[in-house]
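One structure is given here, and the rest of the page talks about it.
The values are calculated or read from the model by the stated rules, or taken from the named source; none is laboratory data. None of the values given here were measured: they were computed from a predicted structure. In this analysis, Cβ positions are derived from the backbone assuming ideal geometry, glycine residues included, and neighbour counts consider all displayed protein chains.
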Amino acid sequence: MTDDTLASRTEAVRDRYRSTLGTVPSGVQERLRLAQEFDRLPTEEAIAALRHIVLTGNPLGGRVQQLVHFGQLLALGRAHPARIHARGALHAGAGIADLIGVAETALITAGVPAYALGTEIIAELLPSDDAGEAGRFRTR
C-alpha cells in the first residue's frame with residue numbers, strides 16, 4: 001500500500017469521527033498511529049464503519065445516540081469517554097439542559113457518583129465567567 005493510500009484511508013477514518021463527535025478523540029488518534037505503524041488499519045476501518053452504521057442507521061438519530069452514550073458512560077463511571085460523548089451530543093444538536101436530564105437519569109439508575117460525574121462534565125462545558133453564555137446553552 002502506498003503512503004498516499006494509507007494517509008487517505010486514515011483520514012477517512014478520522015472524518016467518520018469528526019462527523020459524529022465534531023473531533024477525533026486522542027485515543028482514536030493513538031490507535032490510528034499504531035494501526036499505521038503495524039499495518040492494522042483494516043481493524044480501525046472496521047470499527048469506524050460499524051460505529052457509522054450503528055449511529056447513522058439507528059432510529060434514535062445522532063443527538064439521542066450521543067445522549068444515550070453519555071448516560072451509559074456515566075453509569076459505568078467512564079469519565080473520559082463520557083466527556084467525549086457529552087461534546088458529541090452538543091455537536092449533534094443537544095443542549096446543556098439535555099445533558100442535565102441525562103445526568104439526573106443516571107442519578108436514579110446508577111447513583112450519586114454517576115450524577116456527580118455528569119454534573120462535573122457539564123460544568124466543564126459551560127463558560128466560566130459569562131452567565132449570558134450559560135443561558136444560551138440552556139435554551140438549546
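Descriptive notes on the structure:
- Pairs are defined by a Cβ separation below 8 Å, a sequence spacing of at least 6 or placement on different chains, a first member in region 50-63 that is under 22 Å from G95 (Cα atoms), and a second member that is at pLDDT 90 or above and in a helix (DSSP H, G or I); the pairs so defined are L55/G62; L55/Q65; T56/G62; N58/Q65; L60/V68; R63/A89; R63/D98.
- Those helices (runs of 4 or more DSSP H) lying entirely in region 50-140 with at least 1 residues at pLDDT 95 or above: 61-76, 79-91, 96-110, 112-125
- T43 in contact (Cβ under 8 Å) with a residue 12 or more places away in the chain, out of contact with any Asp or Glu (no Cβ under 6 Å at 6 or more places or on another chain) and assigned to a helix (DSSP H, G or I): no
- Of the candidates T10, T2, T43, the single residue that is surrounded by fewer than 14 Cβ atoms within 10 Å (Cβ to Cβ) and within 27 Å of Q65 (Cβ to Cβ) is T43.
- The residues listed here are R83, R31, R14; of these, the one that is among the basic types (K, R) and under 27 Å from T119 (Cβ atoms) is R83.
- Answer residue from region 8-38, given it is outside any helix (DSSP H, G or I) and without any contact (Cβ under 8 Å) to a residue 24 or more places away in the chain and is nearest to L90 (Cα to Cα) among those: V24
- Residue-level check: of (1) under 19 Å from P25 (Cβ atoms); (2) touching a helix residue (DSSP H, G or I) at 6+ places or on another chain (Cβ under 7 Å); (3) aliphatic (A, V, I, L, M), I96 misses just (1).
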